[in-house]
1. Out of the residues in region 25-42 that are part of a strand (DSSP E or B) and open to solvent by less than 30 Å² (accessible area, probe 1.4 Å), state the one that is nearest to Ile118 (Cα to Cα).
2. Tally up the residues in region 47-71 that are open to solvent by 30 Å² or more (accessible area, probe 1.4 Å) and in a loop (DSSP other than H, G, I, E, B), please.
3. Being out of contact with any Ser or Thr (no Cβ under 8 Å at 6 or more places or on another chain) and more than 30 Å from Thr44 (Cα to Cα) is the filter here, so list the residues in region 120-131 that pass it.
4. Can you confirm whether Pro92 is at pLDDT below 95 and either closer than 21 Å to Leu139 by Cα or assigned to a loop (DSSP other than H, G, I, E, B) (or both)?
5. Output the qualifying pairs, or none if there are none: Cβ atoms under 6 angstrom, residues six or more apart or on different chains, first residue in region 16-45 and on the phi > 0 side of the Ramachandran plot, second residue among the basic types (Lys, Arg) and open to solvent by less than 90 Å² (accessible area, probe 1.4 Å).
6. Go through region 72-103 and report how many residues are more than 24 Å from Gln35 (Cα to Cα) and either of a type in the set (Ser, Thr, Tyr) or surrounded by 16 or more Cβ atoms within 10 Å (Cβ to Cβ) (or both).
7. Looking at this structure, is Leu117 in contact (Cβ under 8 Å) with a residue 60 or more places away in the chain and either touching a helix residue (DSSP H, G or I) at 6+ places or on another chain (Cβ under 7 Å) or open to solvent by less than 20 Å² (accessible area, probe 1.4 Å) (or both)?
8. Please enumerate the residues belonging to region 116-145 that are touching an Asp or Glu at 6+ places or on another chain (Cβ under 8 Å), over 30 Å from Asp48 (Cα atoms) and among the β-branched types (Val, Ile, Thr).
Amino acid sequence: MEIELKFTVPDKTTCERLQETEQLAGFLLSTGHYQDLHDTYLDTAAQDLQKAGYICRKREQADATVISLKQLIPPAGTLHRREEFAVSLSSPTLEPTLWPDSQTRSLVLQFTQHKPLIPLFEVRQKRFVRRVRSRGERLVAELCI
């Protein structure tokens with residue numbers, strides 16, 4: 001289950017403050033680091049995954065490639081709560097039969113009936129990531145700007 005809160009940062013000053021502040025709403029923030037992400041969204045030519053109510057994303061960052069299958073459910077305001085399955089790949093292949101045995105692989109093969117996946121579109125982004133901890137130092141969230 002993936003749970004995200006997505007907010008709009010109104011201006012550059014607020015963005016800079018979020019990158020520098022040590023606390024937010026009583027939570028402690030780590031110093032943070034930048035991540036370069038390259039996402040490729042996938043489906044069959046007939047969009048079988050979308051018809052089944054899912055979106056498939058291949059995310060490449062640093063030396064890791066992860067395939068995620070996310071349920072397409074409208075958010076409740078800023079809250080996104082949806083089923084998500086993920087599998088890490090040792091090589092960035094679009095062929096699900098070559099992915100490690102996982103629920104992600106099984107569902108993609110079931111929904112696509114073994115039809116080939118094709119890239120739909122790509123998104124490249126640079127994120128500033130900070131860990132959010134409670135006063136007791138328990139990790140409670142990740143802040144991505």
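The values are calculated or read from the model by the stated rules, or taken from the named source; none is laboratory data. Remember, predicted model here, so these are calculated numbers, not experimental data. A quick note on method: Cβ atoms are made from the backbone with ideal geometry, for glycine too, and the neighbour counts reach across all protein chains shown. Accessible surface areas use protein heavy atoms only, side chains included; no ligands, DNA or RNA. Shrake-Rupley method; radii C 1.70, N 1.55, O 1.52, S 1.80 Å.
1. Applying the first criterion (part of a strand (DSSP E or B)) to region 25-42 yields 27-29, 33-42.
Pick out the ones that are also open to solvent by less than 30 Å² (accessible area, probe 1.4 Å) and you get 29, 37, 39-40, 42.
On the way: Leu29: 39, Leu37: 19, Asp39: 13, Thr40: 10, Leu42: 5 Å.
So, considering only residues that are part of a strand (DSSP E or B) and open to solvent by less than 30 Å² (accessible area, probe 1.4 Å), the one nearest to Ile118 (Cα to Cα) is Leu42.
2. 4
3. Correct list: Phe128, Val129.
4. On the way: at pLDDT below 95: yes; either closer than 21 Å to Leu139 by Cα or assigned to a loop (DSSP other than H, G, I, E, B) (or both): yes.
It is true that Pro92 is at pLDDT below 95 and either closer than 21 Å to Leu139 by Cα or assigned to a loop (DSSP other than H, G, I, E, B) (or both).
5. Taking only residues 6 or more apart or on different chains, the pairs are Gly32/Arg130.
6. So the answer is 4.
7. On the way: in contact (Cβ under 8 Å) with a residue 60 or more places away in the chain: yes; either touching a helix residue (DSSP H, G or I) at 6+ places or on another chain (Cβ under 7 Å) or open to solvent by less than 20 Å² (accessible area, probe 1.4 Å) (or both): yes.
Against the criterion (in contact (Cβ under 8 Å) with a residue 60 or more places away in the chain and either touching a helix residue (DSSP H, G or I) at 6+ places or on another chain (Cβ under 7 Å) or open to solvent by less than 20 Å² (accessible area, probe 1.4 Å) (or both)), Leu117 qualifies.
8. Val129, Val132
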